[in-house]
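A.B. asks: The structure is given below, and queries will be raised subsequently.
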Amino acid sequence: MGRGKIEIKRIENQTNRQVTYSKRRNGIFKKAQELTVLCDARVSIIMFSSTGKLHEYTSPSITTKKIYDQYQHALHTDLWSSHYERMQEDLRKLKEINNRLSREIRQRVGEDLNGLSLDDLRSLQHKVSSSLDIVRARKYHVIKTQTETYKKKVKNLEERHGNLLLDLRARLEDPQYGLVDNEGDYESTIALTNGASNLYAFRLHSSHLDLHHAGGFETEDLRLA
């Protein structure tokens, strides 16, 4: 018995539909290849599946572009003219937008004001005022941020200064060190106040010195600025 007639309608099952598409697509490409070899035909086939996947076949002796060019020549038509016209229209609109924005920029800096009506000038004034408010707010924000940063730096320096003072006082209270009284050529001790430069004179007892010469001094005077 011969094969029954197959009703041509959409296959509802997605898996069966994809299998059928794959088999018939390969069959069409095989026939196109046979036409190319047997008849020296120039064939180009472009197919898209239901999922949007592209499949194509073009005879080895020609390119897809040459097929399109030959098609246009045979039908005396231009496939790209409408597309080119749309591109030209898009370019024209972009130029208009660019010119308008450039004119607004010049007007906001006080240029190209001729021809503006009173309403246009009021609108421009409002836009400039709004822009100024935004710039001023940004400026205050930057000033506040920098001020907070500098305050943190000052606080850090004050803490380091305080630690240095505590370390210095601890060294002064060490038994092996002693404050030198105001005598000889030494200046009076300057108090550690207000972060000013301070000068201290110390006497390091001879018991802590290793003198290599017999005629060495009994004490050694040190100054710390």
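The values are calculated or read from the model by the stated rules, or taken from the named source; none is laboratory data. Note that the structure is a prediction, hence the values are computed from the model and not measured. Cβ atoms come from the backbone with ideal geometry, glycine included; neighbour counts cover every protein chain shown. Accessible surface areas use protein heavy atoms only, side chains included; no ligands, DNA or RNA. Shrake-Rupley method; radii C 1.70, N 1.55, O 1.52, S 1.80 Å.
A.B. asks: Express in Å², to the nearest 10, the accessible area of K66 obtained by rolling a 1.4 Å probe over the protein heavy atoms while all chains stay in place.
C.D. replies: Roughly 120 Å² of K66 is accessible to a 1.4 Å probe.
A.B. asks: Still on this model: Cross-link partners among lysines for K144, C-alpha distance below 23 Å, same-chain residues fewer than 8 apart left out?
C.D. replies: K152, K153, K155
A.B. asks: Please report the Cα spread of the range 1-40 along all three principal axes, rounded to whole Å, starting with the longest.
C.D. replies: 38, 29, 14 Å, listed from the longest principal axis down.
A.B. asks: Here is a follow-up. Want the number for L94 to Q72: 0.36 nm per residue separation, take away the alpha-carbon distance, what's left?
C.D. replies: 4.9 nm
A.B. asks: Pick out, from Y84, T15, G110, the residue whose Cα sits farthest towards the positive end of the charge dipole of the range 1-137, with +1 on the Cβ of Lys and Arg and -1 on the Cβ of Asp and Glu.
C.D. replies: Farthest along the dipole direction, towards plus: T15.
A.B. asks: If R₀ is 41 angstrom, what is the calculated FRET efficiency for the pair S129 and E85, using the beta carbon separation as r and rounding to 0.05?
C.D. replies: 0.40
A.B. asks: Determine how many Å³ per residue the convex hull of the Cα atoms of the range 1-70 encloses.
C.D. replies: In the range 1-70, the Cα hull volume divided by residue count equals 136 Å³.
A.B. asks: Probe radius 1.4 Å, ligands and nucleic acids ignored: give me the carbon and sulfur share of the accessible area of the range 1-80 as a rounded percent.
C.D. replies: 56 percent
A.B. asks: With every protein chain kept in place and ligands, DNA and RNA left out, what is the accessible area per residue of the range 7-83? Probe 1.4 Å, answer in Å².
C.D. replies: Accessible surface, normalised per residue, equals 81 Å².
A.B. asks: Could you pull out every one of the lysines with an alpha carbon less than 26 Å from that of K151, ignoring same-chain neighbours closer than 8 positions?
C.D. replies: K139
A.B. asks: Would you grab the residues whose amide H sits under 5 Å from the one on T58? Only those 5+ places off in sequence or on another chain, please, with H modelled 1.01 Å from N.
C.D. replies: I45
A.B. asks: Continuing with the same structure: Would you check the accessible area of K155, probe 1.4 Å, heavy atoms only, in square angstrom rounded to 10?
C.D. replies: Here the residue's solvent-accessible area equals roughly 120 Å².
A.B. asks: Take T64, T77 and sort them by solvent-accessible surface of the protein heavy atoms, 1.4 Å probe, largest at the top.
C.D. replies: Putting T64, T77 in descending order of accessible area: T77, T64.
A.B. asks: Another one. Quote to one decimal, in nm, the extra length available between T20 and L121 on full extension: 0.36 nm per residue of separation minus the C-alpha distance between them.
C.D. replies: 29.5 nm
A.B. asks: Can you list the lysines whose alpha carbon is less than 26 Å from that of K5, not counting same-chain residues fewer than 8 positions off?
C.D. replies: Result set, ordered by chain and number: K23, K30, K31.
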